[in-house]
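To start, the structure itself, in structure tokens.
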Amino acid sequence: MLRINPKNYDAVRRHGEETYPHECCGVLLGRMESEDERVVTSIARAGNTRTDSPQNRYSIDPKDLIRIQREGRERGEDIIGFYHSHPDHPARWSQTDLAEAHWFSCSYVITSVEKGNAALTNSFVLLGFDEHDKKFADEKITVMNDESDSATIRLATPADFPAIIPIVNKAYEIETFIIGPRVNAEDINRMSQKGDFLVAQDFSGKIIASVYVESKSDPAYFGVLAVDPSWQGKKLGRRMIEAAEDYSREKGRKYMKLTVVNLRTELPPFYRKFGYIESGTEEFLNPRPLKDGVKLHLIVMSKSL
Ligand SMILES: CC(C)(COP(=O)(O)OP(=O)(O)OC[C@H]1O[C@@H](n2cnc3c(N)ncnc32)[C@H](O)[C@@H]1OP(=O)(O)O)[C@@H](O)C(=O)NCCC(=O)NCCS
């Protein structure tokens, strides 16, 4: 799958209209989210160096390509694909396109431009190991709508732990019945002996969300889900929950559980949205001190993965 935001998607298509009746070409920069998922974070226009037949051939100047690659790397972006247009021809790859494609596992996006107007845009991923067995496979394009789609979710390393602490403590300021911050470095280290943290980072690499997952046995468990307040309400919480579930599924888990403090009455409806149902209660064992007289228990919520 190729994920691209509406602005870059439009820019690719507009480029084809501007150069009509000639082919346009350019580079897609971004990151590989997984083996079969690429995320476009920016595009770079390139000049078509073909003067012999620019209406049905394109070629990116190697000097342009090196510059685009270097500038992308400086911003933390890799080349993940290329785009070009087919003036008055279908948005399908031609034998020439295949012959001239050399970047394996990259996306090749083609926009058909009919009488000057961008029509269909399709993507093809170049598969194979060498020039002899290479082939194009259809690739779905998802035009991202949610801002959170631009965040990358990955497994945290100990180097991320210091950044997780303020995210959790800021997000959990809402739990005013707990005195002091929700987690400290010792808590994170202790938890990381038993489970893992997944973190989301924004384009600049800043950590903007985290979730703790225990997935060694069934039921898996996730907790301490925290989204930086400036990112809340942008579907990042949803993505973090899905990532925790996917991570546990990959480890062979069949069930997931979580617990919410009974005073947070807004949370059971939130988790029900994701298929969790109340399945019991547990004692609230919290190392953080509570305000005087506050009695809490945990509501257990579960679902099959
Ligand atoms: C709870 C939290 C993780 C949600 O993250 P978020 O990124 O703001 O949530 P999303 O934008 O992904 O929302 C996903 C869905 O839940 C809904 N939702 C979000 N917050 C909700 C709430 N407090 N109550 C009910 N539904 C809620 C959204 O409307 C959205 O629904 P939709 O997809 O049908 O439109 C985040 O607000 C947070 O970090 N809170 C502080 C820490 C916390 O309470 N963690 C959970 C404790 S177990």
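Among the numbered conditions (1) at pLDDT 90 or above; (2) more than 23 Å from K63 (Cα to Cα); (3) in contact with a strand residue (DSSP E or B) (Cβ under 6 Å, 6 or more places away or on another chain), the only one that D10 does not meet is (3). Return yes when K254 is in contact with an Asp or Glu (Cβ under 6 Å, 6 or more places away or on another chain) and on the phi > 0 side of the Ramachandran plot and no when it is not. Spelling it out, it is not the case that K254 is in contact with an Asp or Glu (Cβ under 6 Å, 6 or more places away or on another chain) and on the phi > 0 side of the Ramachandran plot.
List the strands (runs of 3 or more DSSP E) inside segment 1-98, counting only whole elements, that have at least 1 residues being free of Cβ contacts under 8 Å to residues at least 60 places away in the same chain.
25-34, 37-46, 78-87
The set of residues in segment 102-126 that are in a strand (DSSP E or B) and exposed (fewer than 14 other Cβ atoms within 10 Å of the Cβ) contains only N117. You will find that of Y172, Y108, the residue that is of a type in the set (S, T, Y) and more than 26 Å from A44 (Cα to Cα) is Y172 and no other. The residue of segment 139-160 that is farthest from the ligand (Cβ to nearest atom), among those that are assigned to a loop (DSSP other than H, G, I, E, B) and free of Cβ contacts under 8 Å to residues at least 60 places away in the same chain, is T157.
One line per residue, one yes/no per condition, for (1) surrounded by fewer than 17 Cβ atoms within 10 Å (Cβ to Cβ); (2) within 8 Å of the ligand (Cβ to nearest atom); (3) over 30 Å from R31 (Cβ atoms):
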| residue | (1), (2), (3) |
| --- | --- |
| G180 | yes, no, yes |
| A200 | no, no, no |
| S217 | yes, no, yes |
| V227 | no, yes, no |
| Q232 | yes, yes, no |
| R239 | no, yes, no |
| R249 | yes, no, no |
| R272 | yes, no, yes |
| G275 | yes, no, no |
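Reported count of residues in segment 277-289, each being away from the ligand (no atom under 14 Å from the Cβ) and closer than 21 Å to D218 by Cβ, is 4. Just so you know, in segment 251-270 the residues that are within 11 Å of the ligand (Cβ to nearest atom) and exposed (fewer than 13 other Cβ atoms within 10 Å of the Cβ) include one that is farthest from T176 (Cα to Cα), and it is P269. Considering segment 161-178, the residues that are closer than 14 Å to V227 by Cβ and within 12 Å of the ligand (Cβ to nearest atom) include one that is nearest to the chain's Cα centre (by Cα), namely I167. Residues in segment 127-138 that are more than 20 Å from S59 (Cβ to Cβ) and part of a strand (DSSP E or B): 4 in all.
The values are calculated or read from the model by the stated rules, or taken from the named source; none is laboratory data. Everything quoted here is computed from the prediction, not taken from an experiment. Because the Cβ atoms are built from the backbone with ideal geometry, glycine has one as well, and the counts that use them run over all protein chains shown.
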